[in-house]
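The values are calculated or read from the model by the stated rules, or taken from the named source; none is laboratory data. Everything quoted here is computed from the prediction, not taken from an experiment. Ideal geometry is used to build each Cβ from the backbone, glycine not excepted, and the neighbour counts take in all protein chains shown. Quick note on the areas: whole protein, heavy atoms, side chains included, nothing else; ligands and nucleic acids left out. Shrake-Rupley method; radii C 1.70, N 1.55, O 1.52, S 1.80 Å.
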Amino acid sequence: GYNTRILAGRGARVVGVDISPKMIELARREEQRTPRGIRYELVSFSDLAVFDPASFDLVVSFLALMDGPNFEGTVGELFRVLRPDGEFIFSVTHPCFATRGLGWIQDEEGNDAKLTVAHYFDDSSWVERWKFSQAPSREDVSPFAVPRFPRTLSKYLNALIGAGFALKEIEEPRPSEELCREHPWLRRWRDHAALILYVRAAKPVVG
């Protein structure tokens, strides 16, 4: 519930959804500890039957949709629960660069100098296991097992268009120079490729 609490703190009336019972439990516990009027539902983002049509002004997803198998069904559900003129804003790891064949080539000084990309068109699912590389006690952190359902950039955008959304804005943000000085490992994502893709789309008003 971290991001939902940021939105609620800025004045939004928020409903959060997650398929993980543990994540919902933790979010509800934090809401009880410091109430911000947030409602949390244990549902999949691809099946939002608990919500009526045209229930929301805005849908926001933070780096989650690349981890679900049914993007087309998901955007259809999100289109259904949005009011006309409502917006859908989401971020995913950049499909053109964060592929299964992602790798780095280092220069003589050990700096990441080139990015390798492979298997861009391979849409078979797989499980990625990783740790937060900058965790204070990385050796004590258990690795995450994250399901990945890769899709090309065109599949993301065409699914939105097919559901009826109008594309409004696409961004490929870079870490700032200040952030790179504070966290040097981000330098490679400023100099060589985009790690994140942001998309903003809207549900058109009919008639």
>> Placing unit charges on C-beta atoms (Lys and Arg positive, Asp and Glu negative, everything else neutral), compute the dipole magnitude of the stretch 2-122 about its Cα centre in debye, rounded to 20.
In response: 660 debye
> If you roll a 1.4 Å probe over the heavy atoms of the protein chains, what accessible area per residue do you get for the chain, in Å²?
Replying inline: 62 Å²
>> How many angstrom lie between the Cα centre of the stretch 142-166 and the Cα centre of the stretch 65-90?
In response: 10 Å
> Which cross-chain or sequence-distant (5 or more) residues have an amide H under 5 Å from the amide H of I196, H modelled 1.01 Å from N in plane?
Replying inline: H94
>> Given a 1.4 angstrom probe, I'd like the percentage of the accessible area of the stretch 97-207 that is carbon and sulfur, rounded to a whole number.
In response: 52 percent
>> Show log10 I(q)/I(0) for the stretch 27-97 at q = 0.11, 0.14, 0.15, 0.26 Å⁻¹, two decimals, from a solvent-free Debye sum over equal Cα scatterers.
In response: -0.33, -0.52, -0.59, -1.24
>> Per 0.36 nm of contour for each residue apart, how much would the distance between L58 and R181 grow if the chain were fully extended, relative to their Cα-Cα spacing?
In response: 40.8 nm
>> Under the rule of at least 5 residues apart or a separate chain, name every residue whose amide H is placed under 5 Å from the amide H of S55.
In response: L82, R83
>> Angle check, please: helix 153-163 long axis (alpha carbons) against the longest principal axis of the chain (alpha carbons), in degrees 0 to 90, nearest 10.
In response: 0 degrees
> What's the percent breakdown of Cα-Cα distances in the chain across 5 Å bins, shortest bin first?
Replying inline: 1, 6, 12, 16, 18, 17, 14, 9, 4, 2, 0, 0, 0
> In the stretch 34-145, what % of DSSP beta bridges are antiparallel (nearest 5)?
Replying inline: 50 percent
> Is it possible to state the helix-based mean residue ellipticity at 222 nm for the chain, with each DSSP H run of 4+ residues giving -39500 (n - 2.57), the sum divided by total residues, to the nearest 500 deg cm²/dmol? What is it?
Replying inline: -7500 deg cm²/dmol
> Ordered by residue, what ³J(HN,Hα) values in Hz, to whole numbers, does the stretch 39-53 give under the Karplus form 6.51 cos²θ - 1.76 cosθ + 1.60, where θ = phi - 60° and Gly and Pro are x?
Replying inline: 9, 10, 10, 8, 9, 7, 5, 8, 9, 10, 4, 6, 10, 6, x
> Length gain on complete extension for the stretch L115 to E25, per 0.36 nm per residue less the alpha carbon to alpha carbon distance?
Replying inline: 28.5 nm
>> 5 Å is the cut-off here: which amide hydrogens, built 1.01 Å from N in the peptide plane, fall below it relative to F88, excluding neighbours closer than 5 in sequence?
In response: V59, A201, A202, K203
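Under unit Cβ charges (Lys, Arg +1; Asp, Glu -1), what dipole magnitude, rounded to 20 debye, does the chain have relative to its Cα centre? Working shown, then result.
Working: 27 positive and 29 negative charges, 98 e Å.
So the dipole magnitude of the chain works out to roughly 480 debye.
Can you list the equivalent-ellipsoid semi-axes of the stretch 78-176, largest first and in whole Å, using the square root of 5 times each Cα gyration tensor eigenvalue? Walk me through the numbers before you get to the answer.
Details: eigenvalues 196, 63, 49 Å².
One finds semi-axes of 31, 18, 16 Å for the stretch 78-176.
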> For the stretch 140-201, taking Cα atoms only, what is the radius of gyration to one decimal and the Dmax to the nearest whole Å?
Replying inline: 15.8, 46
> Among bridges DSSP assigns within the chain, what percent are antiparallel (round to 5)?
Replying inline: 70 percent
